[in-house]
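First comes the structure, then the notes that go with it.
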Amino acid sequence: MAKPSAVTPQGAEKEYAQLVDVFCRWLPEKGLAQQLRREIDPYVRACVLWVWRADGEGALPQKYVDFYNAVYSGAGTRPSALYWEMATAAAGCVRPAVPGFFRSLEEYDRRHNTGLAQRFVDQLTLVLLLFAGADQVITDQEAGRVNQLTAALMGREEPEKPQPEDQGKQAGQQEQTEEQREQAEPQPTLEELLAQLDELCGLEKVKRDVKSLINLVKVRTLRSQAGLPVPPMSLHMVFLGNPGTGKTTVARLLAQIYRAIGVLHKGQLVEVDRSGLVAGYVGQTALKTQEAVQRALGGVLFVDEAYALMKDGNDFGQEAIEVLLKNMEDHRDELIVIAAGYTGPMERFIHANPGLESRFNKYLFFDDYNGEELFHIFQSMCGKNGYTLSTEGEQQIRRELKELYENRDENFGNARDVRNRFERAVARQADRVAGLEQPTREQLMEILPDDLELPEETEQQKDG
C-alpha cells in the first residue's frame, strides 16, 4: 500500500484536463480528437469508480463525489453528481468496456504504423493513479485494477483476483502498525549522522559538499522562520563516480540527515535501477515507476545507473523518466531523487534531456580511492569482522592495493575490489586454520601473506 501526497479535487481536475488537452492536440487528425473529447470523460469516470471499488463493497467516502465530478476535461456539461448518484453507479459498476475512441486510435495505428494507443494507455495510467490517491492511499488492490484496465485495452486480459471485503482495512492497519514501529525506533541525531559521514574513508570533497549543502538548507529554514524571502531550490542531485566509491552509503546518510534537519519526514532510502522502474510491456512502466516513487515519499529515491533508462532506444525507459519528472515536481516537498552512475554516461544522459537538466543542478563527484585509502578500507573490514593483519600481511596487502590503484582500468571496482579480496583472504585463512590441531585466539584472527594470495585458478586465468 502506498501513500501519495494530498490531492484536491480542483488539482485533480486541472491535471486531468491538461493531460487530455495535450493528448488531443498531439493527435494527427481532428476527427480523432473530437471523438476522444466526446467520449473520454464518461469512460474515465467509469474506470475511476471501478478502481475505487477494488477494496471491497463498503460505501465510498463522501468526499469522493467531488473527485468524481472532477473528471471533466472541458467538453460538454460539467458533471454535478450527488453522492447518492455516485454511490448508485459504484454499486453496480463493472470493468468498463474498451471505448470507441480507443478502437479508432488502434485503427489509425494499423494504417499509419504509429503508437497512439500506447501513448493513451500511458496517460490513462497516470490519470487513474491520480484519482486512486483521492484518499491519500493507493492500495495494492487499486493498483491491480489499474493493471487490469490497461491490459484489457491492449488485448491482454488479466483475471481479477478475488479480494476479501476487509483486506483493504487489514492492509491499512498493517501499514499503520509498521509506521508506528518505525517511529518508535530511536533515530540518530544530526551529530551522530555527521560523525558517521566523517568516519567514511576518503571522500573529503564529498564530505565538504554535503556539509555545505546542509548549511544552506539550515539557513534557508532560519530565513523562512524570520519572515525573509527564500528563493526556490531543488535538492535533487546527481552522484558521479565509478562503482564502489560510496555513492549509496552517502545517499543513505544524506536521507537520514535531511530527516534530522526537517527537510524529509521519514528519511528512508529506496534503491532502484532500470529493472525497478521499467516493465517489459506497454502501460506497465508508468505504474511500476509510480509504485517506486510512492515507496520513496518522505525520503530519497536512489536511481543507480540512471542512464540505462535510455538504453536500446525503446520508449519504456523514456516513459519512466517522464513519470519521475512529474513526481519530482508534484512532490517537491517530500521527495528527493538522486541519480547515480559513471561520470561520462551520466553527464550525457542529464544534458540530453532539458527536463532532467533543469531539475538536477547539484552534482557530487566521487573520486576513485587511492592505494592508501583502499588499504584503510581493508583494515576497517578486518577490524569490524574480528581479523588482524600480520606485519608481513599488512605490507603485502598495502603493496597490492597500491598496484591495483596505479594499474586501474575501466573495470576498477574501488571498495568492491577490496571486499572481494577480503572475502577471499578470509576463505583461505579458514582453510589454513582448519588444519591446525588447536588454534589459538590469535591464530583464529590473524591473516598471513599466504592468505592474501589470489586463488590458483585466478592466477591461471591471468597467465592465460
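Where a number appears in this text, it was derived from the coordinates with a stated rule and is not lab data. Not measured: the values here are computed from a predicted model. All Cβ positions, glycine included, derive from the backbone under ideal geometry; neighbour counts span all protein chains shown.
Quick rundown of the values:
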quantity: Volume per residue that the Cα convex hull of the chain spans, once the total is divided by residue count, Å³; calculated: 217 Å³
quantity: Positive dipole terminus of the chain, leading residue within ALA296, ALA339, VAL7 (C-beta point charges); calculated: VAL7
quantity: Radius ratio Rg over Rh of the range 380-421, counting only Cα atoms, Kirkwood formula for Rh; calculated: 1.01
quantity: For the chain: relative contact order, % (alpha-carbon pairs under 8 angstrom, 6 or more apart); calculated: 14 percent
quantity: Label-to-label distance, nm, for residues given as GLN318 and LYS14 (7 Å Cα→Cβ offset); calculated: 2.8 nm
quantity: Rounded tilt (10° steps) of 9-26 against the dominant C-alpha axis of the chain; calculated: 90 degrees
quantity: Of LYS288/LYS384; LYS247/LYS384; LYS14/LYS247, pairs whose Cα-Cα distance is over 32 Å; calculated: LYS288/LYS384; LYS14/LYS247
quantity: Per-selection Kirkwood Rh - the range 193-366 (Cα, Å, 1 d.p.); calculated: 16.6 Å
quantity: Sorted by Cβ neighbour density within 10 Å, fewest at the top, the residues THR248, THR440; calculated: THR440, THR248
quantity: Dipole of the chain, positive end: most advanced residue of LEU356, LEU401, LEU105 [Cβ charges, Cα centre]; calculated: LEU105
quantity: Calculated Rg and Dmax of the range 206-261 using C-alpha coordinates, Å; calculated: 13.3, 44
quantity: FRET efficiency, 1/(1 + (r/R0)^6) with R0 41 Å, evaluated for THR343 and ALA226 via beta carbons; calculated: 0.55
quantity: Magnitude of the charge dipole, the chain, Cβ model with Lys/Arg +1 and Asp/Glu -1, debye to 20; calculated: 1980 debye
quantity: Order by protection proxy (mean Cβ within 10 Å, highest first), peptides 49-56, 108-115; calculated: 49-56, 108-115
quantity: Measure of compaction for the range 274-357 (Cα Rg per 2.2 N^0.38 Å); calculated: 1.02
quantity: Protection proxy ranking of 250-260, 224-234 - average other beta-carbon atoms within 10 Å, highest first; calculated: 250-260, 224-234
